[in-house]
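*Asks:* One structure coming up, written as structure tokens, with questions to follow.
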Amino acid sequence: MIFDTHAHYDDEAFDEDRDVVLTLLKDANVASVVNVGASMESSKRALELSKQYDFVYCAVGVHPSETTDLTESDYEWLCNHVHENKVVAVGEIGLDYYWDTPEREHQKEWFIKQLHLAIQEEKPVIIHSRDAAADTLEIMKEAKEYAKSLNKSFTGVIHCFSYSVEMAREYVKMGFYLGVGGVVTFKNAKMIKEVVKEIPMEFIVLETDCPYLAPEPNRGTRNDSSNLKYVINMIADIKNLTPKEIIEQTEINAKTLYGIA
Ligand code: NI
């Protein structure tokens with residue numbers, strides 16, 4: 001069954017029909033969803049959703065572009081809720097130099113702080129990195145050392161992977177997974193197709209990032225996990241495998257990544 005490792009069903013785009021969309025996912029062969037927090041508010045909503053639906057898990061964390069007004073009491077909330085039953089990761093956290101706000105030092109500070117929280121609590125991380133390849137890798141390597149010094153594990157997923165094959169190999173070497181979604185179906189997306197071709201299937205997980213990034217032929221419309229079939233078909237094409245094989249392997253990968261039995 002299909003595992004969507006990265007969705008935002010708490011988004012207001014689903015306010016009118018959230019329950020209908022989520023309930024229909026089973027008919028689309030979608031068995032599990034991780035609803036990812038991107039701000040304090042959405043982390044709280046993600047946690048609520050995971051309590052309402054048995055097949056929905058969640059991650060709590062703050063996206064780099066949402067770190068401007070973060071306070072110590074927000075950080076404390078994250079520390080206090082990361083242990084809850086259905087919280088499977090810290091995220092999404094990282095660096096965004098495309099929007100490039102707040103200033104980079106501020107983004108880095110909160111990225112590192114949340115990485116350390118995940119390491120201390122041995123939770124996987126969901127990394128958002130846009131136009132920030134070098135700084136992200138450097139911080140991730142430092143975090144790996146930090147984890148080693150504490151004798152703790154450090155794993156996670158680079159969500160919506162958008163960098164080169166060389167960069168993909170660096171993360172795979174560190175034991176990280178690569179999140180592949182709608183972008184792989186776009187005609188001009190040469191780099192991610194190359195990454196999917198070169199990186200072993202054991203390191204790839206499926207994601208929607210819905211309501212964003214709907215795959216072809218639905219590009220530009222509101223995305224949801226039922227669209228993953230188009231992503232699966234494209235990966236199957238690139239890998240010369242069947243869609244069934246893609247679904248099975250990515251489900252195993254996702255469960256290993258998030259520690260779900
Ligand atoms: Ni996202």
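*Asks:* Report yes if E76 is more than 20 Å from M140 (Cβ to Cβ), open to solvent by 70 Å² or more (accessible area, probe 1.4 Å) and not basic (K, R), otherwise no.
*Replies:* Numbers: more than 20 Å from M140 (Cβ to Cβ): yes; open to solvent by 70 Å² or more (accessible area, probe 1.4 Å): yes; not basic (K, R): yes.
Against the criterion (more than 20 Å from M140 (Cβ to Cβ), open to solvent by 70 Å² or more (accessible area, probe 1.4 Å) and not basic (K, R)), E76 qualifies.
*Asks:* Within segment 1-20, can you find the residues that are touching a residue at least 60 places away in the same chain (Cβ under 8 Å) and either surrounded by 18 or more Cβ atoms within 10 Å (Cβ to Cβ) or under 13 Å from the mean Cα position of the chain (by Cα) (or both)?
*Replies:* If the condition is that a residue be touching a residue at least 60 places away in the same chain (Cβ under 8 Å) and either surrounded by 18 or more Cβ atoms within 10 Å (Cβ to Cβ) or under 13 Å from the mean Cα position of the chain (by Cα) (or both), then I2, F3, D4, T5, H6, A7, H8, Y9, F14 are the ones that fit.
*Asks:* Count, please, the residues in segment 167-209 that happen to be under 23 Å from N29 (Cβ atoms) and without any contact (Cβ under 8 Å) to a residue 24 or more places away in the chain.
*Replies:* Total meeting the criteria: 0.
*Asks:* Go through (1) out of contact with any Asp or Glu (no Cβ under 6 Å at 6 or more places or on another chain); (2) surrounded by fewer than 17 Cβ atoms within 10 Å (Cβ to Cβ) for L206 and report which single condition fails.
*Replies:* (2)
*Asks:* Still on this structure, please answer the following. A31 is checked against (1) surrounded by 18 or more Cβ atoms within 10 Å (Cβ to Cβ); (2) in contact (Cβ under 8 Å) with a residue 60 or more places away in the chain and fails just one. What number does that condition carry?
*Replies:* Result: A31 fails condition (1) only.
*Asks:* Find the residue count for segment 60-73, including only residues that are open to solvent by less than 30 Å² (accessible area, probe 1.4 Å) and more than 20 Å from the chain's Cα centre (by Cα).
*Replies:* Counting residues in segment 60-73 that are open to solvent by less than 30 Å² (accessible area, probe 1.4 Å) and more than 20 Å from the chain's Cα centre (by Cα) gives 1.
*Asks:* Further question: Given the criteria among the acidic types (D, E), under 23 Å from T208 (Cβ atoms) and within 19 Å of the chain's Cα centre (by Cα), does E92 qualify?
*Replies:* Considered against the rule, which asks whether it is among the acidic types (D, E), under 23 Å from T208 (Cβ atoms) and within 19 Å of the chain's Cα centre (by Cα), E92 comes out as yes.
The values are calculated or read from the model by the stated rules, or taken from the named source; none is laboratory data. Computed from a prediction, not measured in an experiment: that's the story for all the values here. Glycine also receives a Cβ, built like all others from the backbone with ideal geometry; neighbour counts cover every protein chain displayed. Surface accessibility is based on the protein's heavy atoms, side chains included, excluding ligands, DNA and RNA. Shrake-Rupley method; radii C 1.70, N 1.55, O 1.52, S 1.80 Å.
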